[in-house]
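The values are calculated or read from the model by the stated rules, or taken from the named source; none is laboratory data. Bear in mind that the values here come from a model prediction, so they are computed numbers and not experimental data. Here the Cβ is made from the backbone with ideal geometry for all residues, glycine too, and neighbour counts use every protein chain on show.
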Amino acid sequence: MRVIFNVDAITAPLTGIGRYALELARGLATHAAIDELRLYSAYRWVDDPAQALASNRTIAALRRNVPFKAQALELYTALRGALFRAHTRRLRGWLLHTPNYILMPFDGATLTTVHDLSWLSYPDAHPRERVRFLERHLPRTLERANLVLTDSDFIAAEIASTFALPRAKIRVVPLGVDAAYRPRAHEEVAPVLARHGLQAGRYLLVVATLEPRKNLARLVRAYAALSAALKARYPLVIVGARGWLNSELERAIEPLEVAGTARRLGYVDEQDLPSIYAGAHAFAFPSLYEGFGLPVLEAMASGVPVLTSNVSSLPEVAGNTALTVDPHDETALRDGLERVLEDAAWRANVIGRGIERAHGFTWTHCVDATVEAYRVALAAA
(Lines give C-alpha, C1' and ligand atoms only; values in the text may rest on other atoms or scores of the structure.)
Protein backbone atom coordinates (compact mmCIF):
# COMPACT_ATOMS: atom_id res chain seq x y z
CA MET A 1 0.00 0.00 0.00
CA ARG A 2 1.03 3.62 -0.57
CA VAL A 3 0.74 6.04 2.34
CA ILE A 4 1.03 9.80 2.80
CA PHE A 5 1.83 10.53 6.42
CA ASN A 6 1.51 14.05 7.80
CA VAL A 7 4.42 14.92 10.10
CA ASP A 8 3.48 18.43 11.27
CA ALA A 9 3.38 17.22 14.89
CA ILE A 10 7.06 16.21 14.83
CA THR A 11 8.41 19.43 16.29
CA ALA A 12 10.60 20.30 19.26
CA PRO A 13 9.92 20.04 22.09
CA LEU A 14 8.32 16.67 21.39
CA THR A 15 5.06 16.18 23.27
CA GLY A 16 3.03 12.95 23.38
CA ILE A 17 1.50 13.53 19.93
CA GLY A 18 4.89 14.44 18.50
CA ARG A 19 6.39 11.24 19.91
CA TYR A 20 3.49 9.23 18.44
CA ALA A 21 3.98 10.78 14.98
CA LEU A 22 7.74 10.25 15.12
CA GLU A 23 7.49 6.58 16.10
CA LEU A 24 4.87 5.91 13.41
CA ALA A 25 6.95 7.66 10.74
CA ARG A 26 9.97 5.56 11.66
CA GLY A 27 8.00 2.31 11.83
CA LEU A 28 6.07 2.84 8.61
CA ALA A 29 9.30 3.54 6.72
CA THR A 30 10.49 -0.05 7.25
CA HIS A 31 7.17 -1.92 7.41
CA ALA A 32 6.85 -4.79 4.94
CA ALA A 33 3.25 -3.91 4.03
CA ILE A 34 4.08 -0.33 3.02
CA ASP A 35 5.15 -0.21 -0.61
CA GLU A 36 5.68 3.52 -0.66
CA LEU A 37 5.69 6.16 2.09
CA ARG A 38 5.73 9.91 1.58
CA LEU A 39 6.04 12.39 4.47
CA TYR A 40 4.35 15.78 4.24
CA SER A 41 5.34 18.57 6.62
CA ALA A 42 3.50 21.90 6.80
CA TYR A 43 3.75 22.90 3.14
CA ARG A 44 6.14 20.45 1.46
CA TRP A 45 7.38 16.89 1.16
CA VAL A 46 10.26 15.90 3.46
CA ASP A 47 12.64 12.98 3.22
CA ASP A 48 12.65 11.76 6.82
CA PRO A 49 11.50 12.62 10.38
CA ALA A 50 14.78 14.45 11.11
CA GLN A 51 14.11 16.87 8.26
CA ALA A 52 10.55 17.33 9.52
CA LEU A 53 11.85 18.15 13.00
CA ALA A 54 14.11 20.84 11.56
CA SER A 55 11.57 22.40 9.20
CA ASN A 56 8.72 22.35 11.74
CA ARG A 57 10.79 24.32 14.26
CA THR A 58 10.41 27.48 12.15
CA ILE A 59 6.65 26.98 11.73
CA ALA A 60 6.25 26.42 15.49
CA ALA A 61 8.13 29.64 16.27
CA LEU A 62 5.89 31.59 13.90
CA ARG A 63 2.77 30.13 15.50
CA ARG A 64 3.93 31.18 18.97
CA ASN A 65 4.72 34.76 17.99
CA VAL A 66 2.25 35.70 15.26
CA PRO A 67 -0.44 38.27 16.20
CA PHE A 68 -4.17 37.63 15.64
CA LYS A 69 -3.61 33.92 16.20
CA ALA A 70 -7.14 32.73 15.40
CA GLN A 71 -7.18 34.43 12.02
CA ALA A 72 -3.58 33.42 11.30
CA LEU A 73 -4.38 29.77 12.08
CA GLU A 74 -7.32 29.74 9.69
CA LEU A 75 -5.26 31.42 6.95
CA TYR A 76 -2.38 28.99 7.46
CA THR A 77 -4.76 26.02 7.32
CA ALA A 78 -6.36 27.25 4.09
CA LEU A 79 -3.01 27.91 2.40
CA ARG A 80 -1.55 24.60 3.56
CA GLY A 81 -4.64 22.77 2.29
CA ALA A 82 -4.37 24.41 -1.12
CA LEU A 83 -0.67 23.54 -1.36
CA PHE A 84 -1.29 19.96 -0.29
CA ARG A 85 -4.05 19.54 -2.86
CA ALA A 86 -1.72 20.85 -5.55
CA HIS A 87 1.06 18.52 -4.43
CA THR A 88 -1.19 15.44 -4.42
CA ARG A 89 -3.51 16.03 -7.38
CA ARG A 90 -1.76 13.38 -9.49
CA LEU A 91 -1.61 10.77 -6.72
CA ARG A 92 -4.19 7.99 -7.10
CA GLY A 93 -4.67 4.95 -4.88
CA TRP A 94 -2.86 6.51 -1.92
CA LEU A 95 -4.03 6.78 1.70
CA LEU A 96 -3.60 9.94 3.78
CA HIS A 97 -3.05 9.61 7.54
CA THR A 98 -2.89 12.68 9.74
CA PRO A 99 -1.83 11.75 13.29
CA ASN A 100 -2.97 15.04 14.82
CA TYR A 101 -6.74 15.54 14.42
CA ILE A 102 -7.44 17.64 11.30
CA LEU A 103 -7.31 16.18 7.80
CA MET A 104 -6.04 18.13 4.83
CA PRO A 105 -8.15 18.02 1.63
CA PHE A 106 -7.53 14.77 -0.22
CA ASP A 107 -9.56 12.77 -2.73
CA GLY A 108 -8.35 9.31 -1.70
CA ALA A 109 -8.72 7.17 1.42
CA THR A 110 -8.22 9.10 4.67
CA LEU A 111 -7.53 8.22 8.27
CA THR A 112 -7.07 10.54 11.25
CA THR A 113 -5.96 10.04 14.85
CA VAL A 114 -7.96 11.87 17.53
CA HIS A 115 -6.05 11.59 20.78
CA ASP A 116 -8.60 13.16 23.12
CA LEU A 117 -11.42 15.68 23.41
CA SER A 118 -9.84 17.79 26.14
CA TRP A 119 -10.64 20.97 24.24
CA LEU A 120 -14.32 20.14 24.85
CA SER A 121 -14.01 18.74 28.37
CA TYR A 122 -11.55 21.40 29.61
CA PRO A 123 -11.80 24.36 27.20
CA ASP A 124 -10.42 26.76 29.83
CA ALA A 125 -7.19 24.74 29.83
CA HIS A 126 -6.54 25.49 26.14
CA PRO A 127 -5.76 28.64 24.18
CA ARG A 128 -9.05 30.01 22.85
CA GLU A 129 -7.96 29.93 19.20
CA ARG A 130 -7.27 26.17 19.47
CA VAL A 131 -10.74 25.49 20.88
CA ARG A 132 -12.44 27.52 18.14
CA PHE A 133 -10.33 25.85 15.46
CA LEU A 134 -11.23 22.33 16.59
CA GLU A 135 -14.90 23.24 17.02
CA ARG A 136 -14.94 24.38 13.43
CA HIS A 137 -12.85 21.70 11.74
CA LEU A 138 -12.98 18.42 13.69
CA PRO A 139 -16.63 17.49 12.94
CA ARG A 140 -15.91 17.75 9.21
CA THR A 141 -12.74 15.68 9.58
CA LEU A 142 -14.65 12.92 11.41
CA GLU A 143 -17.25 12.92 8.66
CA ARG A 144 -14.66 12.72 5.89
CA ALA A 145 -12.34 10.12 7.43
CA ASN A 146 -12.80 6.53 6.37
CA LEU A 147 -11.53 5.46 9.78
CA VAL A 148 -10.71 7.24 13.04
CA LEU A 149 -7.90 6.02 15.29
CA THR A 150 -7.64 6.82 18.96
CA ASP A 151 -5.41 5.76 21.84
CA SER A 152 -7.84 4.28 24.39
CA ASP A 153 -11.29 2.77 24.81
CA PHE A 154 -12.24 5.73 26.99
CA ILE A 155 -11.66 8.23 24.17
CA ALA A 156 -13.26 5.96 21.58
CA ALA A 157 -16.47 5.91 23.61
CA GLU A 158 -16.28 9.67 24.14
CA ILE A 159 -15.87 10.37 20.41
CA ALA A 160 -18.74 8.05 19.51
CA SER A 161 -21.14 9.64 22.00
CA THR A 162 -20.10 13.27 21.44
CA PHE A 163 -20.24 13.21 17.65
CA ALA A 164 -22.78 10.40 17.11
CA LEU A 165 -20.07 8.56 15.19
CA PRO A 166 -20.62 4.82 14.55
CA ARG A 167 -18.37 2.87 16.91
CA ALA A 168 -17.37 0.65 13.99
CA LYS A 169 -15.69 3.67 12.40
CA ILE A 170 -13.36 4.09 15.41
CA ARG A 171 -10.39 1.84 16.08
CA VAL A 172 -8.33 1.85 19.29
CA VAL A 173 -4.57 1.58 18.83
CA PRO A 174 -2.64 2.04 22.11
CA LEU A 175 0.69 3.83 22.13
CA GLY A 176 4.00 2.14 22.87
CA VAL A 177 6.96 2.51 25.21
CA ASP A 178 10.49 2.84 23.87
CA ALA A 179 12.90 0.13 25.03
CA ALA A 180 15.14 2.88 26.43
CA TYR A 181 12.73 3.12 29.38
CA ARG A 182 13.91 0.33 31.68
CA PRO A 183 15.19 -0.11 35.22
CA ARG A 184 18.78 1.12 35.59
CA ALA A 185 21.31 0.82 38.39
CA HIS A 186 22.14 4.02 40.28
CA GLU A 187 25.70 3.93 38.94
CA GLU A 188 24.41 3.84 35.35
CA VAL A 189 22.21 6.91 35.71
CA ALA A 190 24.58 8.92 37.91
CA PRO A 191 26.41 10.80 35.08
CA VAL A 192 23.15 12.01 33.51
CA LEU A 193 21.63 12.94 36.85
CA ALA A 194 24.75 14.86 37.86
CA ARG A 195 24.33 17.13 34.82
CA HIS A 196 20.87 18.04 36.13
CA GLY A 197 21.84 18.31 39.80
CA LEU A 198 19.93 15.16 40.81
CA GLN A 199 20.73 12.14 43.00
CA ALA A 200 19.48 8.65 42.17
CA GLY A 201 16.60 7.52 44.34
CA ARG A 202 16.31 10.95 45.95
CA TYR A 203 13.51 12.78 44.12
CA LEU A 204 9.82 12.61 43.22
CA LEU A 205 9.44 13.01 39.46
CA VAL A 206 6.72 14.59 37.32
CA VAL A 207 6.91 14.69 33.51
CA ALA A 208 4.28 16.90 31.89
CA THR A 209 3.83 19.98 29.76
CA LEU A 210 3.16 22.88 32.13
CA GLU A 211 -0.50 23.51 31.39
CA PRO A 212 -3.67 23.45 33.54
CA ARG A 213 -5.01 20.04 32.48
CA LYS A 214 -1.94 18.36 33.99
CA ASN A 215 -3.18 19.48 37.44
CA LEU A 216 0.27 20.50 38.60
CA ALA A 217 -0.91 23.29 40.91
CA ARG A 218 -2.96 20.83 43.01
CA LEU A 219 -0.10 18.36 42.99
CA VAL A 220 2.33 21.02 44.22
CA ARG A 221 -0.03 22.08 47.02
CA ALA A 222 -0.48 18.43 48.04
CA TYR A 223 3.28 17.94 48.02
CA ALA A 224 3.73 21.10 50.11
CA ALA A 225 1.51 19.53 52.80
CA LEU A 226 3.94 16.62 53.30
CA SER A 227 6.27 16.63 56.27
CA ALA A 228 9.39 18.76 56.04
CA ALA A 229 11.55 15.64 56.43
CA LEU A 230 9.86 13.86 53.52
CA LYS A 231 10.19 16.90 51.26
CA ALA A 232 13.86 17.26 52.17
CA ARG A 233 14.48 13.58 51.40
CA TYR A 234 12.53 13.57 48.11
CA PRO A 235 12.40 16.99 46.42
CA LEU A 236 9.79 17.49 43.71
CA VAL A 237 11.32 17.59 40.21
CA ILE A 238 9.14 18.68 37.28
CA VAL A 239 10.30 17.96 33.72
CA GLY A 240 8.34 19.49 30.88
CA ALA A 241 8.14 22.25 28.34
CA ARG A 242 6.65 25.61 29.26
CA GLY A 243 2.95 25.56 28.42
CA TRP A 244 0.23 28.11 29.07
CA LEU A 245 -2.13 29.55 31.72
CA ASN A 246 0.23 28.73 34.59
CA SER A 247 -0.28 31.58 37.08
CA GLU A 248 -1.81 29.20 39.68
CA LEU A 249 1.16 26.84 39.38
CA GLU A 250 3.59 29.74 39.75
CA ARG A 251 1.96 30.84 43.01
CA ALA A 252 1.99 27.30 44.41
CA ILE A 253 5.54 26.35 43.49
CA GLU A 254 7.45 29.55 44.26
CA PRO A 255 7.77 28.97 48.05
CA LEU A 256 8.98 25.42 47.46
CA GLU A 257 11.56 26.54 44.92
CA VAL A 258 12.80 29.20 47.35
CA ALA A 259 13.07 26.51 50.05
CA GLY A 260 14.91 24.16 47.68
CA THR A 261 12.30 21.36 47.81
CA ALA A 262 11.01 21.80 44.25
CA ARG A 263 12.72 22.32 40.90
CA ARG A 264 11.58 22.77 37.31
CA LEU A 265 14.06 21.38 34.79
CA GLY A 266 12.11 22.53 31.73
CA TYR A 267 12.33 20.50 28.55
CA VAL A 268 14.93 17.73 28.87
CA ASP A 269 16.66 16.15 25.90
CA GLU A 270 15.10 12.78 25.07
CA GLN A 271 18.48 11.06 25.47
CA ASP A 272 18.57 12.05 29.14
CA LEU A 273 14.92 11.34 29.95
CA PRO A 274 15.16 7.52 30.43
CA SER A 275 17.87 7.99 33.06
CA ILE A 276 15.89 10.70 34.83
CA TYR A 277 12.87 8.39 34.98
CA ALA A 278 14.92 5.43 36.20
CA GLY A 279 16.64 7.51 38.86
CA ALA A 280 13.40 8.67 40.49
CA HIS A 281 12.16 7.27 43.79
CA ALA A 282 8.54 7.68 42.66
CA PHE A 283 6.53 9.26 39.84
CA ALA A 284 3.37 11.38 39.95
CA PHE A 285 0.99 12.13 37.08
CA PRO A 286 -2.35 13.37 38.49
CA SER A 287 -3.74 14.74 35.22
CA LEU A 288 -7.39 15.78 35.08
CA TYR A 289 -7.88 14.20 31.67
CA GLU A 290 -5.75 12.13 29.28
CA GLY A 291 -6.34 10.35 26.02
CA PHE A 292 -3.67 7.85 27.00
CA GLY A 293 -1.03 9.02 29.50
CA LEU A 294 2.26 7.78 28.05
CA PRO A 295 4.41 9.09 30.96
CA VAL A 296 2.66 6.61 33.26
CA LEU A 297 3.86 3.70 31.14
CA GLU A 298 7.34 5.17 30.76
CA ALA A 299 7.67 5.40 34.53
CA MET A 300 6.38 1.86 35.10
CA ALA A 301 8.73 0.51 32.41
CA SER A 302 11.57 2.22 34.30
CA GLY A 303 10.73 0.34 37.50
CA VAL A 304 9.35 3.39 39.31
CA PRO A 305 6.16 3.31 41.47
CA VAL A 306 3.43 5.56 40.07
CA LEU A 307 0.69 7.78 41.48
CA THR A 308 -1.88 8.80 38.88
CA SER A 309 -5.52 9.81 38.50
CA ASN A 310 -8.60 7.60 38.68
CA VAL A 311 -10.26 9.42 35.75
CA SER A 312 -10.33 9.35 31.93
CA SER A 313 -8.01 6.80 30.29
CA LEU A 314 -5.45 6.61 33.10
CA PRO A 315 -6.90 3.62 35.01
CA GLU A 316 -7.19 1.81 31.66
CA VAL A 317 -3.49 2.36 30.96
CA ALA A 318 -2.16 1.78 34.47
CA GLY A 319 -4.29 -1.26 35.27
CA ASN A 320 -3.79 -2.35 38.87
CA THR A 321 -0.09 -1.49 38.88
CA ALA A 322 -0.32 2.16 40.00
CA LEU A 323 -1.95 4.03 42.87
CA THR A 324 -4.94 5.93 41.46
CA VAL A 325 -6.61 8.79 43.34
CA ASP A 326 -9.17 11.54 42.75
CA PRO A 327 -7.11 14.30 41.08
CA HIS A 328 -9.41 17.02 42.43
CA ASP A 329 -8.89 15.96 46.07
CA GLU A 330 -5.71 17.51 47.48
CA THR A 331 -5.93 15.41 50.65
CA ALA A 332 -6.08 12.22 48.56
CA LEU A 333 -3.14 13.46 46.52
CA ARG A 334 -1.11 14.18 49.66
CA ASP A 335 -1.90 10.77 51.16
CA GLY A 336 -1.10 9.10 47.84
CA LEU A 337 2.24 10.86 47.58
CA GLU A 338 3.09 9.76 51.10
CA ARG A 339 2.31 6.16 50.21
CA VAL A 340 4.28 5.98 46.93
CA LEU A 341 7.25 7.57 48.70
CA GLU A 342 7.22 5.64 51.99
CA ASP A 343 5.17 2.41 51.82
CA ALA A 344 7.98 -0.07 51.18
CA ALA A 345 5.73 -3.14 50.97
CA TRP A 346 3.41 -1.54 48.42
CA ARG A 347 6.35 -0.25 46.37
CA ALA A 348 7.96 -3.69 46.25
CA ASN A 349 4.68 -5.23 45.11
CA VAL A 350 3.95 -2.84 42.23
CA ILE A 351 7.39 -2.33 40.70
CA GLY A 352 7.62 -5.75 39.04
CA ARG A 353 3.99 -5.73 37.95
CA GLY A 354 4.42 -2.28 36.45
CA ILE A 355 7.42 -3.38 34.39
CA GLU A 356 5.50 -6.41 33.13
CA ARG A 357 2.45 -4.33 32.17
CA ALA A 358 4.53 -1.72 30.35
CA HIS A 359 6.20 -4.43 28.28
CA GLY A 360 2.78 -5.16 26.74
CA PHE A 361 2.78 -1.74 25.04
CA THR A 362 5.27 -1.50 22.16
CA TRP A 363 5.69 0.84 19.22
CA THR A 364 6.01 -2.21 16.97
CA HIS A 365 2.50 -3.28 17.93
CA CYS A 366 1.27 0.28 17.49
CA VAL A 367 2.70 0.43 13.95
CA ASP A 368 1.36 -3.03 13.02
CA ALA A 369 -2.13 -2.17 14.29
CA THR A 370 -2.02 1.14 12.41
CA VAL A 371 -1.11 -0.62 9.16
CA GLU A 372 -4.03 -3.00 9.68
CA ALA A 373 -6.26 0.06 10.11
CA TYR A 374 -4.96 1.36 6.79
CA ARG A 375 -6.21 -1.83 5.12
CA VAL A 376 -9.65 -1.27 6.65
CA ALA A 377 -9.72 2.38 5.57
CA LEU A 378 -8.68 1.53 2.02
CA ALA A 379 -11.41 -1.10 1.82
CA ALA A 380 -13.96 1.40 3.14
CA ALA A 381 -12.89 3.98 0.56
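Structure above, values below:
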read-out	value
Residue tally, condition acidic (Asp, Glu) and out of contact with any helix residue (DSSP H, G or I) (no Cβ under 8 Å at 6 or more places or on another chain), over segment 4-52	3
Any hit, segment 37-58, residues being at pLDDT 80 or above, charged (D, E, K, R) and more than 21 Å from LEU14 (Cβ to Cβ)	yes
Residue match in segment 331-342 (condition: in a helix (DSSP H, G or I), among the polar types (S, T, N, Q) and in the same structural domain as THR98 (by TED's automatic domain parsing))	no
Within segment 245-303, considering residues that are outside any loop (DSSP other than H, G, I, E, B) and charged (D, E, K, R), the one surrounded by the most Cβ atoms within 10 Å (Cβ to Cβ)	GLU298
Segments classed as helices (runs of 4 or more DSSP H), wholly inside segment 103-213, with at least 1 members that are among the aromatic types (Phe, Trp, Tyr) and under 16 Å from the mean Cα position of the chain (by Cα)	118-121, 153-163
Top-ranked residue of segment 212-232 - restricted to ones that are among the charged types (D, E, K, R) and closer than 28 Å to GLN271 by Cβ, ranked as surrounded by the most Cβ atoms within 10 Å (Cβ to Cβ)	LYS214
Verdict on GLU129 being touching a residue at least 60 places away in the same chain (Cβ under 8 Å) and of a type in the set (D, E, K, R)	yes
Sole exception among (1) touching a Leu at 6+ places or on another chain (Cβ under 9 Å); (2) crowded, with 16+ Cβ neighbours inside 10 Å; (3) more than 27 Å from HIS115 (Cβ to Cβ) for LEU193, by number	(1)
Residue under evaluation ARG92, criteria (1) at pLDDT 90 or above; (2) surrounded by 13 or more Cβ atoms within 10 Å (Cβ to Cβ); (3) charged (D, E, K, R), criterion not met	(2)
Checking ASN320 against (1) at pLDDT below 95; (2) crowded, with 24+ Cβ neighbours inside 10 Å, the condition it does not meet	(2)
Any chance SER121 is closer than 29 Å to GLN71 by Cα and of a type in the set (Gly, Ala, Ser)	yes
Enumeration of residues in segment 164-180 that are surrounded by 16 or more Cβ atoms within 10 Å (Cβ to Cβ) and under 13 Å from PRO139 (Cα atoms)	LEU165
Long-range neighbours under 8 Å by Cβ, at least six apart or interchain, first residue under 19 Å from TYR267 (Cα atoms) within segment 187-204, second at pLDDT 95 or above and charged (D, E, K, R)	VAL192/ASP272; ARG195/ASP272; HIS196/ASP272; GLY197/ARG263
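Let's see how each residue does on (1) touching a strand residue (DSSP E or B) at 6+ places or on another chain (Cβ under 9 Å); (2) modelled with pLDDT under 95:
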site	(1), (2)
PRO212	no, yes
ALA232	no, no
ARG251	no, yes
TYR267	yes, yes
TYR277	yes, no
